[in-house]
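> One structure follows; several queries about it will come next.
Derivation of every value follows stated rules applied to the coordinates shown; laboratory data play no part. If you're wondering where the values come from, they're calculated on a predicted model, not measured in any experiment. Backbone-built Cβ (ideal geometry, glycine too); neighbour counts: all protein chains shown.
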């Protein structure tokens, strides 16, 4: 993982009096968690720089304490963090979208924040495929209101892949989506945040390749765990 120095995403400027009262090991834990929430794959010489950017520790302290925190699992913390965000609604929409963008970049190779109409989205591109992903930190999401309008706006671009990610979906969502996209030529896939994290874990472990992941994202309808499990199977050459 290359660290490009996005320090503004990490810097929290803790109050000086809070730093003085907080134990060094606790501050290091806070710093590790903050970095894991934005870049769980960060390692090597870039990690102390990112830890120092949080404001909780300086670089020298980070380098000295890192060997004592081998037990800290950034991937697990990132997953728990994204799951927590997925419950919290529009107040954390930007943070949730940023987490989904990170996952998309890991599993597909590209991913950036953009906008369609008035609705922010995550885009990715891998020749010749272009995709649009809407990340909604909502429980029992329905394809209505703002989400419906965003999907219709995206359909005008005729993306190769259209995905909606939420905590989970209302039982009517798949039918709503099917009705909305009927005769448009665009298929959209509904993916719960747990399954998106499952795709990430499976892809990182088994390295199925971006094209197979994109095929999965293009499935259409509501994605199921059995479909995600296929990524862990070896592909037999024809």
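> Provide the packing ranking of 117-126, 131-140, i.e. peptides ordered by the mean count of other C-beta atoms within 10 Å per residue, highest first.
My ranking of the peptides, most packed first, is 131-140, 117-126.
> Between segment 176-201 and segment 209-233, what is the separation of their alpha carbon centroids in Å?
Centre-to-centre (Cα) distance: 11 Å.
> Which Rg and Dmax, in Å, describe the Cα atoms of segment 49-121?
Reported Rg and Dmax, both Å: 15.7, 48.
> Place a point 7 Å from Cα of residue 113 in the direction of its Cβ. Which residues in segment 74-94 have their backbone N less than 19 Å from it?
Residues 78-79, 81-94 qualify, since their backbone N sits under 19 Å from the label point.
> Continuing with the same structure: Could you give the nm distance between label points at residue 58 and residue 92, where each point is 7 Å from its Cα heading toward the beta carbon?
3.3 nm
> Here's a follow-up. Within 10 Å, count the other beta carbons around each residue, average over each peptide in 216-226, 95-105, and list them highest first.
With the highest mean Cβ count within 10 Å placed first, the list reads 95-105, 216-226.
> Report the extension gain between residue 22 and residue 70 in nm, rounded to one decimal, defined as 0.36 nm multiplied by the number of residues separating them, less their alpha carbon distance.
Full extension from residue 22 to residue 70 adds 15.2 nm.
> Here's a follow-up. Fully extended, how many nm does the chain gain between residue 215 and residue 140 (0.36 nm per residue separation, minus their Cα-Cα distance)?
Here the segment from residue 215 to residue 140 would lengthen by 24.5 nm.
> Which whole-number percent gives the relative contact order of segment 31-77, counting Cα pairs below 8 Å spaced six or more residues apart?
48 percent.
> Could you work out how far the C-alpha centroid of segment 23-50 sits from that of segment 76-137, in angstrom?
21 Å
> By the gyration tensor of its Cα atoms, with a ≥ b ≥ c the square roots of the eigenvalues, what is the shape of segment 90-232: rounded for a/c under 1.5, prolate for a/b over b/c, or oblate?
rounded
> OK, next. Would you kindly state how much longer the chain becomes between residue 152 and residue 225 on full extension, computed as 0.36 nm times their sequence separation minus their alpha carbon distance, in nm to one decimal?
Net length gain for the segment: 23.6 nm.
> Now for a separate question. Taking other Cβ within 10 Å of each residue's Cβ, how do 28, 158 sort, fewest first?
158, 28
> Any idea what the relative contact order of segment 137-238 is, in percent, if you count C-alpha pairs under 8 Å spaced at least 6 apart?
After rounding, I find 29 percent.
> Given the DSSP H assignment, sum -39500 (n - 2.57) over each helix run of at least 4 residues in the chain and divide by its residue total; what's the result at 222 nm in deg cm²/dmol, nearest 500?
For the chain, the value works out to -14000 deg cm²/dmol.
> If you line up the long axis of helix 24-38 against the longest principal axis of the chain, both from Cα atoms, how many degrees apart are they, to the nearest 10?
Compared with the principal axis, the helix lies near 20 degrees.
> Place the peptides 70-77, 45-52 in order of packing, highest mean first, counting for every residue the other Cβ atoms within 10 Å and averaging per peptide.
Going by the mean number of other Cβ atoms within 10 Å, highest first, we get 45-52, 70-77.
> Oh, and also: Arrange the following residues from fewest to most other Cβ atoms within 10 Å of their Cβ: 56, 112.
112, 56
> Now for a different question. Averaging sequence separations of C-alpha pairs under 8 Å and six or more residues apart, then dividing by the length of the chain, give the relative contact order as a whole percent.
Relative contact order here is 14 percent.
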